[in-house]
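Visitor: I'd like to ask some things about the structure below.
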Amino acid sequence: MIVNGGQDYYVNDTDTAGDLFTTAMGNNLNSGKSPDRPMASLAALIDAYDLDAGDVVHVDNGSYAVVRNISLGSQDSGVRIEGPALGVAVLNRGNTTTGSYVIELAAADDVTISRLTLTGAVCGVFGSSTSDSDRFTLVDSRIYSNSEYDIALATSNDEAIISRNTVSNGTDLPCIDIHGNRSVVAENDVSGGSTGIYVSANSVTLADQIVVSNNRVHNSRDRAIFGEGQVLIVGNTVWGQTTSTGIEVGPGSKALNNTVFDNKVGIGSSIYNTGTATIEGNRVYRNSQSGMSSIRIQQVSMERLDTTVRIDSQGSSLRTWCMRMPIQEFAWTRAGHKCSTIQCINRSEMLY
Ligand SMILES: [Ca+2]
Ligand SMILES: [Ca+2]
Ligand SMILES: [Ca+2]
Ligand SMILES: [Ca+2]
């Protein structure tokens, strides 16, 4: 283990065109401690140093073949790893055999990754159920074309922040898969996957709520956003699930103030046995089959202010909702769309 000096670390590939942080080609024989002595491999640098809070690893413009997982352990807690503000630092795992990740969290708390492109792995960022890497932050990055998930953080990884990233893949699994308490998924652009953002909360306690807010999610196979447990899905824009559903809420979750259009079904719920999902204040329009749909509709409620309104099923083959509630305002429906069975609507729920 090399003794640290200063808090800045440098990585570069062998192409110096457009470099912002470094002044020389990367080489793993370098110390990685100054702009003219960058290392070539982020994994090698992480392994060589015991990193701490305040340490910043600068990964310069370039293409990096990631030949083994970049594994962040407890001794690396607090580190920030950042790419260039202009240009891209592409970390390509080039390996989709089981267990291949670009970034693997292994008991590293308070890690921040910013402005990196992560691709070519089973999973771009992975934290297992025993990783217990809390307060992980991923911002301003691009994660795409990983063979299973782009980002997967299991239950032990609490308080993650996934924000302002562009995330996409073409797989049968979610692009973003989040389970840790008090996590936030915000302001990302997410496309593809079976589900764009899949959030299954372990806790039913409000204090542990996971928030999915202000994302743009589109063109996923099964649904754009799914939440179950203590999950708040708020302020997202969701479109382009032409054969499936925009937002699906399971027991304990709430869809609030989202804009949902050009899907087969706008907002659906999946309450199989017990539980309540809440759908409130959304703008839902131009969905080809129905604005809203449910599997067990009688167990779903719609809340307006402090009033809980029951929703009854009608047309079970189409699973179309007919909302029976004290008339607040009449909804209007679009001719030819099967959401026309919706008869009246919450004042704040624009559904047409
Ligand atoms: Ca280390
Ligand atoms: Ca470079
Ligand atoms: Ca340390
Ligand atoms: Ca934890």
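Throughout, read-outs are computed from the coordinates displayed, never taken from laboratory work. The shown structure was predicted, so the numbers you read here are calculated from the model rather than taken from an experiment. Glycine also receives a Cβ, built like all others from the backbone with ideal geometry; neighbour counts cover every protein chain displayed.
Visitor: Give me Asp55, Asp50 sorted ascending by neighbouring Cβ count inside 10 Å, so fewest comes first.
Guide: By the 10 Å Cβ count, ascending: Asp50, Asp55.
Visitor: Between segment 2-45 and segment 190-225, what is the C-alpha centre distance in whole Å?
Guide: What the calculation gives is 37 Å, centre to centre.
Visitor: Would you mind checking the radius of gyration and Dmax of segment 26-70 based on alpha-carbon positions, in Å?
Guide: 10.3, 27
Visitor: Where Lys and Arg each count +1 and Asp and Glu each count -1, what net charge lies around Ser71 among other residues with Cβ under 11 Å from its Cβ?
Guide: Net local charge, Ser71 excluded: -2.
Visitor: Calculate, in nm to one decimal, what Asn27 and Asp50 gain on full extension: separation in residues at 0.36 nm each, minus their alpha carbon distance. Display every interim value, and only then the final one.
Guide: Details: separation 23, 0.36 × 23 = 8.28 nm, distance 1.93 nm.
Residue separation times 0.36 nm, minus the Cα-Cα distance, leaves 6.4 nm.
Visitor: Just the Kirkwood number for segment 7-157, please: inverse of mean 1/r across all distinct Cα pairs, in Å, one decimal.
Guide: 14.9
Visitor: In addition: Quick check: convex hull over the Cα atoms of segment 205-292, volume per residue in Å³, rounded to an integer?
Guide: 76
Visitor: May I ask you to list the residues of segment 45-83 whose amide nitrogen lies under 16 Å from a point 7 Å from Cα along the Cα→beta-carbon direction of Thr14?
Guide: Of the residues in segment 45-83, 62-67 have backbone N under 16 Å from the label point off Thr14.
Visitor: Rg and Dmax of segment 92-133, Cα atoms, in Å?
Guide: 10.6, 28
Visitor: As a footprinting exposure proxy, order Val122, Val238 by other Cβ within 10 Å, with the fewest listed first.
Guide: Numbers: Val122 22, Val238 31.
If I rank by nearby Cβ atoms, fewest first, I get Val122, Val238.
Visitor: Run the quick spin-label model on Thr97 and Asp189: label points 7 Å from Cα toward the beta carbon, then report their separation in nm to one decimal.
Guide: For Thr97 paired with Asp189, the spin-label model returns 3.6 nm.
Visitor: With +1 on each Lys and Arg Cβ and -1 on each Asp and Glu Cβ, how big is the dipole of segment 77-161 about its Cα centre, in debye rounded to the nearest 20?
Guide: For segment 77-161, the charge dipole is close to 380 debye.
Visitor: Pairs of alpha-carbon atoms within less than 8 angstrom and 6+ residues apart define the contacts here; what relative contact order does segment 71-225 have, in percent?
Guide: 16
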